[in-house]
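Structure, as structure tokens:
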Amino acid sequence: MTGFPENFLWGGATAANQCEGAWNEDGRGLANVDLAPTGSDRRAVLTGEQKMLAFDDEHYYPAKEGIDMYHRYKEDIRLFGEMGFKVYRMSIAWTRIFPKGDEEEPNEKGLQFYEDLFNECHRYGIEPLVTISHFDCPMHLVNTYGGWRSRKMIDFFEKYSRVLFERFKNLVKYWLTFNEINMILHAPFMGAGVYFEANDSREKIKYQAAHHELVASALVTKIAHEINPDFQMGCMLAGGDTYPMTCDPKDVWQAKLEDRNNYFFTDVHVRGYYPAYAVKELERKGLFPETQPEDFQLLKEYPVDFISFSYYSSRCASADPEISKLTDGNVLASLKNPYLEASEWGWQIDPLGFRITLNTLYDRYQKPLFVVENGLGAVDKPDENGYVEDNYRIAYLRSHIQAMKDAVTLDGVDLLGYTTWGPIDLVSAGTGEMSKRYGFIYVDRDDQGMGSLKRSKKKSFDWYKQVIATNGEVLN
Ligand code: P53
């Protein structure tokens, strides 16, 4: 093979809470993701260190309006169609379907919204790829059950997923259960609606919540295949291999340990059981979750069909506590790799690391992969027409698509598709800023929520259009 497979799925990816807005329209309920403010408190809210259970007057909450995609999706999908997207990865806001999370009946207006949106996609020949939960948890379930700490969440998630599978069985084929499921260990309020009280055993609670999500994922994979055997069910990992800081075996070991924190999740999703290293470590530390006998049966019998992941950067690890102390406060922390340049937000740029990560995943599992996020968050300076000459974004994507092509054509990695993160500018998950832009489409809105919300094409728009039209042959 000299290029990408003929049916390769090119496209872009968004998440409901980062673009839809309309947070309380048509019966939508309040969700954890609505309550993440911009500014210095955001991190503590996302990690569950700081309680934020209702809006207050001191903070600005960018998810409330997002980029107003709820009202503008037709225009946005038309632009995706113009770029030639074959696939659009998006997520469903749980609270549009079940505003509280534990109701008997779903909210018809929420279902209708997504049905219309999927129909709009198909009008342009775009296949939807749906994330069932992209950091999304109804606040009623957080307040009543403690989010994914509680085993009851499995039932609510099952019910929610079943409604989606039944309603959209002829409109959607590709599904992901939980976005970046490993983020639960780093940002549990964002990943699982879990916040902490002073005396909580945080590690124990995180692994308990992770177990519940893993079991829920296997359970709905089972249900999905019963409802439509053609459904393709995937897991989703925040990817990026960890390099040792030096060839000191202690650093190599440390890097392996840090990778295991992430690959634990795909190991369970793909192989269907807790890997030996995790069983040993969790038992040794007294962190092994409470389980039911049927859990292990479910995990075993219903592994995922494919593995999806996000890739922005590789990471570095060191066994030296002095060096490790230098780590900055990012949600997914990493040491600075002296061989790499970084984005304006300090995310290190490593296209070869992308090829390495693709190979790690394929070597480990031999299952089809799907890259569902990759891109560069950067400050854009539009001219008076909203045009941005974003050569830096094109350069980032070009080098990463080339690395991905190498993984496919030279290494033989089985890859289903590629969706760039934020094909249209949207709210940053990590910082809440609008100014951290990923799009091919510029959105006139700033970090304080000012702006016309008007959409305009950047230079990268036509560039990506050509990449898709030539199936990745022309990258210049
Ligand atoms: P932003 C870091 C922090 C939060 C979410 O991130 C993250 C990551 C990176 O792994 O994960 C994904 O917006 C996530 C998206 C998010 C994207 O990375 O902080 O799935 O929701 O927007 C980019 O620049």
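The values are calculated or read from the model by the stated rules, or taken from the named source; none is laboratory data. The structure displayed is predicted, hence computed values, not measured ones. Cβ atoms come from the backbone with ideal geometry, glycine included; neighbour counts cover every protein chain shown. Each accessible area value is taken on the protein alone, full model and side chains, heavy atoms only, with ligands, DNA and RNA left out. Shrake-Rupley method; radii C 1.70, N 1.55, O 1.52, S 1.80 Å.
Mean sequence separation of contacting Cα pairs (under 8 Å, at least six apart), scaled by the length of the chain, corresponds to a relative contact order of 18 percent.
About its Cα centre, the chain has a charge dipole of approximately 580 debye under the convention of +1 per Lys or Arg Cβ and -1 per Asp or Glu Cβ, with nothing else charged.
Please state the shape class of the range 110-262: rounded when a/c is under 1.5, otherwise prolate if a/b exceeds b/c and oblate if not, all from the C-alpha gyration tensor. Cα axes put the range 110-262 in the oblate bin.
Applied to the range 262-273, the Karplus parametrisation 6.51 cos²θ - 1.76 cosθ + 1.60 on θ = phi - 60° returns per-residue 3J(HN,Hα) values of 8, 5, 3, 5, 6, 4, 5, 4, 8, 8, x, 7 Hz, with x for Gly and Pro. Averaging the sequence gap over all C-alpha pairs within less than 8 Å and six or more residues apart, then dividing by the number of residues, gives the range 160-250 a relative contact order of 47 percent.
Taking a ≥ b ≥ c as the square roots of the Cα gyration tensor eigenvalues, with a/c under 1.5 meaning rounded and otherwise prolate when a/b beats b/c, else oblate, which class fits the range 127-185? Cα axes put the range 127-185 in the oblate bin.
Distance from the Cα centroid of the range 149-185 to that of the range 354-380 is 22 Å (rounded to whole angstrom). Taken along the Cα-to-beta-carbon direction at a fixed 7 Å, the label points for residue 384 and residue 173 span 4.8 nm. The convex hull around the C-alpha trace of the range 357-453, projected and averaged over every direction, spans 7.1 square nanometres. Of all DSSP beta bridges confined to the range 9-469, the antiparallel ones make up roughly 15%. Shape call for the range 186-273 from the C-alpha gyration tensor, a ≥ b ≥ c root eigenvalues: rounded (a/c under 1.5), prolate (a/b greater than b/c) or oblate? Verdict is oblate for the range 186-273. Once both labels are modelled 7 Å past Cα along the beta-carbon direction, what's the residue 143-residue 462 spacing in nm? Those two pseudo-labels are separated by 5.2 nm. At what distance in angstrom do the alpha carbon centres of the range 435-457 and the range 244-261 lie from each other? Cα centres, the range 435-457 to the range 244-261: 40 Å. With protein chains left intact and a 1.4 Å probe, residues in the chain average 39 Å² of accessible area per residue. Measuring nothing but alpha carbons in the range 234-320 and taking Rh as the Kirkwood radius, the Rg to Rh ratio lands at 1.03. Each residue of the range 15-170 gets 113 Å³ once the volume of the Cα convex hull is shared out per residue. Computed from the Kirkwood radius of its Cα pairs, the Stokes-Einstein diffusion coefficient for the range 9-469 at 10 °C and 1.306 mPa s stands at 72 µm²/s. Local charge for residue 129 was computed over the other residues whose Cβ lies under 11 Å away, with Lys and Arg +1 and Asp and Glu -1, and equals +2.
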